[in-house]
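What follows is a short report on a single structure.
Nothing in this text is a laboratory measurement; each read-out follows from the coordinates by a stated rule. Here the structure is a predicted model, which is why all the values come from computation and not from measurement. Using ideal geometry, Cβ is built from the backbone for each residue, glycine included, and neighbour counts are taken over all protein chains shown.
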Amino acid sequence: MTTHWTQQPPLVTADDVTRRVEELIGAAVTEQIWYLMTDADGLQLPVLPSVETIPEPEPGLVGNLVHIVDDILDSSAPGGRVVFVLERPGAVVPTDRDVTWADALRPECLRQSVHCAGIYSSTEIGVRLIPPTPGRAQSVGPVPRAR
């Protein structure tokens with residue numbers, strides 16, 4: 001049985017984020033992009049939106065997606081952050097498309113001042129963090145909770 005979202009511990013470390021993604025999204029069934037959001041203390045917001053299907057990451061689309069996240073965080077959780085999950089059937093190793101999406105999301109989050117706590121792939125095998133491409137913009141990583 002899954003614990004109600006209001007009783008979940010905060011997402012403070014990368015391991016916390018990975019476990020929560022595994023619990024909520026788990027093994028891939030279809031293609032979609034999920035975005036899990038937290039407040040500044042790492043407490044998950046009560047929504048888990050997704051975009052059905054994974055189109056090519058065109059700049060306007062990526063910008064709009066990050067803008068939507070920014071609006072939600074600004075109104076509901078100032079100082080919060082987002083975790084993107086690319087759900088798709090197939091091998092656990094990130095595909096070129098996964099990397100292209102991650103490489104588009106990271107700099108767009110940075111440009112719009114949206115803190116990204118990770119970009120993951122969810123496949124039939126399980127969940128895996130998509131590591132940053134060396135030399136690319138990086139706005140990724142959990143932030144310690146405010147004290």
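Some values worked out for this structure:
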item: For C116, net neighbour charge (Lys/Arg +1, Asp/Glu -1) across residues whose Cβ lies under 10 Å away; result: +1
item: Net charge of Cβ neighbours under 14 Å - reference E31; Lys, Arg +1; Asp, Glu -1; result: -3
item: Simple spin-label estimate for D71 and V92 in nanometres, 7 Å along Cα-Cβ; result: 3.8
item: For E31, residues with placed amide H under 5 Å, excluding near neighbours; result: T53
item: Size of charge dipole - the chain - debye, nearest 20, with Cβ of Lys, Arg +1 and Asp, Glu -1, no other charges; result: 440
item: Per-bin percent of Cα-Cα distances, region 1-110 [5 Å]; result: 2, 11, 22, 24, 21, 14, 5, 1
item: Candidates L43, L61, L129, ranked by Gaussian network fluctuation over the chain, Cα under 10 Å, top entry; result: L61
item: Estimated [θ] at 222 nm from DSSP helical runs (n ≥ 4, -39500 (n - 2.57)) normalised by residues in the chain, nearest 500; result: -10000 deg cm²/dmol
